[in-house]
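Engineer: Shown below is the structure under consideration.
The values are calculated or read from the model by the stated rules, or taken from the named source; none is laboratory data. Computed from a prediction, not measured in an experiment: that's the story for all the values here. Methodologically, a virtual Cβ is constructed for each residue, glycine included, from the backbone with ideal geometry; neighbour enumeration extends over all protein chains shown. Note: areas computed on protein heavy atoms with side chains; ligands, DNA, RNA excluded. Shrake-Rupley method; radii C 1.70, N 1.55, O 1.52, S 1.80 Å.
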Protein chains: 2
Amino acid sequence: MYKRLRKYIKKMKTSKKTSIKDIANVLGVSPSTVSRALNNNSRISYKTRVAVQQMAEKLGYQPNQLANALRSGKSYLVGVIIPRNNSAFFSSVVENIEKVLNKEGYNIIIALSYESYEKECNNIDSLLFTQVDGIIASIANETIELDYYRKIKEKGIPLILFDRGGDDLEVDYVGIDDYNSSHIIIDHLVERGCKKIAHISGFSHKRIYKHRMMGYRDALKKNNLKLNERLIIESNLRIEDGRRVMKQFLELSERPDAVYAAGDFAALGALQVLLENGVKVPQEIALVGFSNESFTSYVSPPISTINQHSEQIGKKAAELFLERIKNPSQEEGVSKVIIDAQLIVRGSSDKI
Amino acid sequence: MYKRLRKYIKKMKTSKKTSIKDIANVLGVSPSTVSRALNNNSRISYKTRVAVQQMAEKLGYQPNQLANALRSGKSYLVGVIIPRNNSAFFSSVVENIEKVLNKEGYNIIIALSYESYEKECNNIDSLLFTQVDGIIASIANETIELDYYRKIKEKGIPLILFDRGGDDLEVDYVGIDDYNSSHIIIDHLVERGCKKIAHISGFSHKRIYKHRMMGYRDALKKNNLKLNERLIIESNLRIEDGRRVMKQFLELSERPDAVYAAGDFAALGALQVLLENGVKVPQEIALVGFSNESFTSYVSPPISTINQHSEQIGKKAAELFLERIKNPSQEEGVSKVIIDAQLIVRGSSDKI
DNA sequence: TTTAAAAATGCAAACGTTTGCGCTAGTTGT
DNA sequence: ACAACTAGCGCAAACGTTTGCATTTTTAAA
């Protein structure tokens, strides 16, 4: 027994990976016994189990997930695709997805799309190649065709979308009520006396931005405010887009007295332009963003925004995945979970 | 031929995964032929290759990376461990690591430590379990014992550290010159007339913060400024830490006329307290942060900071990994790449 | 002591892919 | 016609782990 051990410790110096076979050889048992002992199988005696587990520890045995996944058909990996990284919303969603899934023995693979359709397609291929057990995703801004997402579905792999989903896809979805969020924002701005409310919209081929705009339009109507098409401009909602659009609004003969931007980065750009032009915020022009990015509370004045409950979204997305795993039936209807958002009023739109 | 195809198309409806065996069966060739045809092996005739590749396309064949990695001993995955997610610095490093490695056929697995030692250990275990070909990491603030990183090394898996490294580990490293960066900051503050410069330090058990503090101390001496220990406070460098420490500095009988914070989040917290207390920045107290987080340019006044060249760090870290793969010899010396940082002067410390 | 039952293993094959070496059919040269 | 060579495959085993079923060993009862 000790001769065998010494022989194998020596072997360990040159070849770094310990496998079940190595343990089996040292102890003079079969690999299946080692596997069963490591997995506390009742068919293995206590004595053998202890010997195997101690030897595994001594030889630095590390289970090989590749082999396990190949054999079992399950990798216990979940791919999480997000469109951008430097965003408090997506960071928080990822964190909460991870917490829920880690508890159930899953690990996540984070894939970043950088708002690019091509990168997104590469990510999906990589994740499928890696045999993930499921994919949780939010769609990149550049993405119009959803063929790649359909591909996931066709392979029978659970797909859950959050925030940015797609009407054409019959898959599970978690998001907030974009339409109603706009109502809340417009009501708030109307309540503080605003009458000419402009909207920096995202691309309306993206469902969430379309709903935010529909909400904006209907809320204006509800409050008997005239709809001025020149006060609606679509953009990619980056800081530079917010700056450009805000400049356009300032050049109008009829200036707005409030601006609702469908994303916080665009709101930040708009704020920068307002301050640079000596416009008093919120006295002359009030400002509301969307998504509660961290910086909205750092800047001056702090920006009012919509809290999208990223924690809840992350948790719910992970739970939907786990339910899909437990009920693999393809015929079950899809879930759409819509969470009410919340307006956070700060200096940029506060009533004085 | 068509009977075989129809039989298999039918089979595809129920079992979602197409393997090389399925293609082999339809075409009446062996699995090894299919594999070779898919990999453009010269041992396979053009006719067979085309037939195989077309059938693979028709049957929706997706290579199984698990099997490939198991067979070859290489997963072409690289684990990237970062301590926090909502940071422009780490986001940018990750993005640049990914770009370089994707070009070489590698995919990355991002693991977040949330500044926790325990989470970091779990991440390392998960990555080893997943048979990554290498790990690129920045150490969590809570981590003192480096045993888990040693474990990576002992398994012969390439390990590259960036930014936050460890003196005890003989591994490749990329970072900036923290000592010299402090000199640059102090010189700048001295040039604008500051005489009582306080330092919000990170934990000095972390090498980078220790070097930043040493640089601070030596730069004061170099400029014949008196060192006041009450103007140095260690902290975790979060926003709330910056607030707390700044409040302490404001309560001193001898107030500082400048504050150098070893991280931008702490600088932001300090700025908030200064503004809340009606202190004019930079006229009464100048402020400099570290890391060039996005928000440093959004807030008012914009915060002077150190640009850590995250792009270069990411690229270099990935390149060091690739070199390790090309030269697997264990005896080669480790690389330490130190990049000069750059001071970005903004409103918080600008000369008027 | 013998027999039967229970406990504790071991064998073989599965998972998907790749690759060294062997085999076969066809072609070319003598 | 025969021998040698080459192109184009196929066989079998590797990679690490798990699991159904068979086999062996141990224990208890007659």
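Engineer: Among the candidates B:Ser138, B:Ser113, B:Ser92, B:Ser87, single out the residue that is open to solvent by 10 Å² or more (accessible area, probe 1.4 Å) and not assigned by TED's automatic domain parsing to the domain that holds B:Thr296.
Structural biologist: B:Ser92
Engineer: Another question, then. Would you pick out the residues in region B:99-141 that are of a type outside the set (A, V, I, L, M, F, W, C) and closer than 18 Å to B:Asp172 by Cα?
Structural biologist: Scanning region B:99-141 gives B:Asp133, B:Gly134, B:Ser138.
Engineer: When you look at B:Ile135, is it within 14 Å of chain A (Cβ to nearest Cβ) and at pLDDT 95 or above, yes or no?
Structural biologist: yes
Engineer: Inspect all residues belonging to region A:93-105 and state whether any of them is in contact (Cβ under 8 Å) with a residue 60 or more places away in the chain, under 30 Å from B:Lys155 (Cβ atoms), within 11 Å of chain B (Cβ to nearest Cβ) and aliphatic (A, V, I, L, M).
Structural biologist: Within region A:93-105 (the criterion being in contact (Cβ under 8 Å) with a residue 60 or more places away in the chain, under 30 Å from B:Lys155 (Cβ atoms), within 11 Å of chain B (Cβ to nearest Cβ) and aliphatic (A, V, I, L, M)), the answer is yes, since at least one residue qualifies.
Engineer: Looking only at residues that are in a helix (DSSP H, G or I) and crowded, with 17+ Cβ neighbours inside 10 Å in region A:38-67, which one is farthest from DNA strand D (Cβ to nearest atom)?
Structural biologist: Applying the filter and picking the extreme gives A:Ala51.
Engineer: For region A:77-87, state whether one or more residues are more than 12 Å from chain B (Cβ to nearest Cβ) and outside any strand (DSSP E or B).
Structural biologist: Yes, region A:77-87 contains a residue that is more than 12 Å from chain B (Cβ to nearest Cβ) and outside any strand (DSSP E or B).
Engineer: How many residues does region B:193-245 hold that are in a loop (DSSP other than H, G, I, E, B) and not aliphatic (A, V, I, L, M)?
Structural biologist: 16
Engineer: Within the group A:Glu115, A:Glu170, which residue is away from DNA strand C (no atom under 16 Å from the Cβ), away from every other protein chain (no Cβ under 12 Å) and within 23 Å of A:Val334 (Cβ to Cβ)?
Structural biologist: Among A:Glu115, A:Glu170, only A:Glu170 is away from DNA strand C (no atom under 16 Å from the Cβ), away from every other protein chain (no Cβ under 12 Å) and within 23 Å of A:Val334 (Cβ to Cβ).
Engineer: Looking at B:Asn123 and the list (1) open to solvent by less than 40 Å² (accessible area, probe 1.4 Å); (2) more than 26 Å from A:Ser75 (Cα to Cα), which single condition is not satisfied?
Structural biologist: (2)
Engineer: OK, next. Do you know which residues across region A:216-230 are touching a helix residue (DSSP H, G or I) at 6+ places or on another chain (Cβ under 6 Å) and over 14 Å from A:Leu189 (Cα atoms)?
Structural biologist: Once the filter is applied, which keeps residues that are touching a helix residue (DSSP H, G or I) at 6+ places or on another chain (Cβ under 6 Å) and over 14 Å from A:Leu189 (Cα atoms), region A:216-230 yields only A:Leu227.
Engineer: Any idea how many residues of region B:176-193 are touching a Ser or Thr at 6+ places or on another chain (Cβ under 9 Å), at pLDDT 95 or above and surrounded by fewer than 24 Cβ atoms within 10 Å (Cβ to Cβ)?
Structural biologist: Of the residues in region B:176-193, 1 are touching a Ser or Thr at 6+ places or on another chain (Cβ under 9 Å), at pLDDT 95 or above and surrounded by fewer than 24 Cβ atoms within 10 Å (Cβ to Cβ).
Engineer: Another question, if that's okay. Restricted to region A:148-162, and to residues that are in contact with a helix residue (DSSP H, G or I) (Cβ under 9 Å, 6 or more places away or on another chain) and not aliphatic (A, V, I, L, M), which residue is nearest to the other protein chains (Cβ to nearest Cβ)?
Structural biologist: In this case the residue turns out to be A:Lys155.
Engineer: Looking at this structure, is A:Leu127 touching a residue at least 40 places away in the same chain (Cβ under 8 Å) and within 14 Å of chain B (Cβ to nearest Cβ)?
Structural biologist: Against the criterion (touching a residue at least 40 places away in the same chain (Cβ under 8 Å) and within 14 Å of chain B (Cβ to nearest Cβ)), A:Leu127 qualifies.
Engineer: Could you check region B:158-184 and list, in sequence order, the residues that are among the small types (Gly, Ala, Ser), out of contact with any Leu (no Cβ under 9 Å at 6 or more places or on another chain) and closer than 18 Å to B:Asn141 by Cα?
Structural biologist: Selection gives B:Gly165 alone.
Engineer: Test each condition in (1) in the same structural domain as B:Phe162 (by TED's automatic domain parsing); (2) within 13 Å of DNA strand C (Cβ to nearest atom) for B:Ser42 and report the one that comes out false.
Structural biologist: Going through the list (1) in the same structural domain as B:Phe162 (by TED's automatic domain parsing); (2) within 13 Å of DNA strand C (Cβ to nearest atom), B:Ser42 breaks only (1).
Engineer: Right, something else. Just to check your reading of the model, which residue among B:Lys226, B:Lys210 is touching an Asp or Glu at 6+ places or on another chain (Cβ under 9 Å) and surrounded by fewer than 22 Cβ atoms within 10 Å (Cβ to Cβ)?
Structural biologist: That would be B:Lys210, the only listed residue that is touching an Asp or Glu at 6+ places or on another chain (Cβ under 9 Å) and surrounded by fewer than 22 Cβ atoms within 10 Å (Cβ to Cβ).
Engineer: Could you give every pair whose Cβ atoms fall below 6 Å, whose first residue belongs to region A:39-59 and is under 11 Å from A:Leu27 (Cβ atoms) and modelled with pLDDT of 90 or more, and whose second residue is surrounded by 10 or more Cβ atoms within 10 Å (Cβ to Cβ) and charged (D, E, K, R), counting only separations of at least 6 or pairs across chains?
Structural biologist: Matching pairs, first to second residue: none at all.
Engineer: I've got another one for you. Given region A:254-343, what strands (runs of 3 or more DSSP E) lie entirely inside it while holding 1 or more residues that are buried (at least 24 other Cβ atoms within 10 Å of the Cβ) and either away from every other protein chain (no Cβ under 14 Å) or modelled with pLDDT under 95 (or both)?
Structural biologist: It comes to A:258-261, A:286-288, A:305-307.
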